[in-house]
Amino acid sequence: MKIGIVGYGTGGKHFHAPFINAAQGVELAGIVARAPETIARVKADFPDIPIYASLTEMLAAGVDAVTITTPPQTRRELVLEAIEAGVAVIADKPFAPDAKTGRELAAAAKAKGVVLSVYHNRRFDHDVRTLKKLIERNRVGKVWRLHNRMDFDDANTLEGGETGGLLRDLGSHIVDQALFLLGPVKSVYAQLDIIDLPVGPTDASFVLTLTHHNGTKSYLSATKLNRFICREFRLYGDAGSFVSQGTDVQAQAIFAGQRPVDDLDGWGFEQPERWGTLNTPQGSERVPSEQGAYHAYYEAFAKAVKEGSEPPVTPEQAIEVLAVLDAAFISAKENRVVDIA
């Protein structure tokens, strides 16, 4: 599958291109970049890859699929352009400003018979894959609740203003993780911490309580401004618990200059001293980390395009995430629990 990337900021450079390059059955066929400094970065990283001035130009050259990783407010039109051209699409998260727009994009893709998926790549984090396996094997019994905490010391990457904010950024990830692990949500209660930036008021931190249809609860929180790093999961059930405080293995490796294609078998594993602990009546044990594998998202997407199977993240699943975010904004503004329709 020949795929092009539209946008080459930190998303395209660090979280898409390296994993496209490592995925079996996928070929990076072009990158859309316009700013001189962006073009220079592309040439330094991929001297033999064609560079296009627009999505229109890249579609005319011919690709099987595109990844849209431009700023959030630009994605709708680009996704629709690719769909209209009959090309499969991966949209970066959040793939729409709200669930209503998400449903519009999903309907357009369905009408054209085009595969549309959303890059909720953090389903493929090592700790989430480890948790998924523990839940599927009933290792903590009937699940009561999940605590998911993502605190980064990364103030410079907070996108400000009406279309930015941390809830749309990290919230998209950890809400999707909660739905992936525990299923659909029926209600939301949210607290947002707002700061004033030159571009306008911006949510810089949040705490969410999600009640799932199966009776479980998720407690989700994140910040980028509080000058510490903590990546923690706590899973409680009637037969035990699982606690992990791991590292952001794949992102740290990428920013350190490593690339998955250079050692795919060894990629994405947490160090043994950071493995999570399973606590049951039989005692406590360290649980080896599953492999973190963002490249697996691209392999699954290529299979969906080729075989007509379900993509790794369906539009409907991504719309569920957007519906939770929509409800969270209302909840925080009105200080009440909001039901998901």
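Ratio of alpha-carbon Rg to the 2.2 N^0.38 Å globular estimate for region 1-143, to two decimals, please.
This ratio for region 1-143 stands at 1.16.
Just to confirm a number: summing +1 for Lys and Arg and -1 for Asp and Glu over residues other than Asp92 whose beta-carbon lies under 15 angstrom from that of Asp92, what do you get? In short, +3. Pairs Lys100/Lys186; Lys93/Lys217; Lys110/Lys306; Lys93/Lys224: which are spaced more than 20 Å apart, C-alpha to C-alpha? Too far apart for the 20 Å limit: Lys93/Lys217.
Across the options Trp275, Ala65, Gly161, the greatest Cα extent toward the positive end of the charge dipole of the chain (unit charges at beta carbon of Lys, Arg, Asp, Glu) belongs to Trp275. 3J(HN,Hα) couplings calculated from phi for region 211-225 with the Karplus curve 6.51 cos²θ - 1.76 cosθ + 1.60 (θ = phi - 60°) are, in sequence order, 9, 8, 4, 7, x, 6, 10, 10, 10, 10, 8, 7, 7, 10, 10 Hz; Gly and Pro show x. Packing, as the average of other Cβ atoms within 10 Å across residues, places the peptides 91-97, 309-315, 257-263 in the order 91-97, 309-315, 257-263, highest first. The translational diffusion coefficient of region 173-332, from Stokes-Einstein at 20 °C and 1.002 mPa s with a Kirkwood hydrodynamic radius over alpha carbon pairs, comes to 116 µm²/s. For region 180-196, the residues whose backbone nitrogen is under 19 Å from a point 7 Å from the Cα of Arg227, taken along Cα to Cβ, are 194-196. Computed on protein heavy atoms with a 1.4 Å probe, the accessible areas place Ile229, Ile319 in the order Ile229, Ile319, largest first.
Put simply, the convex hull of the Cα atoms in region 135-208 casts, on average, a shadow of 6.1 nm².
DSSP assigns beta bridges within the chain; of those with both partners inside it, close to 65 percent run antiparallel.
Computed over region 247-341, the P(r) curve from all C-alpha pair distances, binned at 10 Å from the origin, holds 13, 23, 25, 31, 8, 0 percent per bin. Annotation: amide H of Arg145 within the under-5 Å range of Lys217, Tyr236, sequence separation 5 or more or interchain, hydrogens built in the peptide plane. Computed from the Cβ-Cβ distance with R0 of 45 Å, the FRET efficiency linking Thr280 to Thr163 stands at 0.50.
Secondary-structure-derived ellipticity at 222 nm for the chain, considering helices only, amounts to -10500 deg cm²/dmol, per-run term -39500 (n - 2.57) for DSSP H runs with n ≥ 4.
The values are calculated or read from the model by the stated rules, or taken from the named source; none is laboratory data. Values in this document were obtained by computation on a predicted structure and should not be read as measured data. For neighbour counting, all protein chains shown are included, and Cβ atoms are generated from backbone atoms with ideal geometry for every residue, glycine included. Side chains included, ligands, DNA and RNA excluded: accessible areas come from the protein's heavy atoms. Shrake-Rupley method; radii C 1.70, N 1.55, O 1.52, S 1.80 Å.
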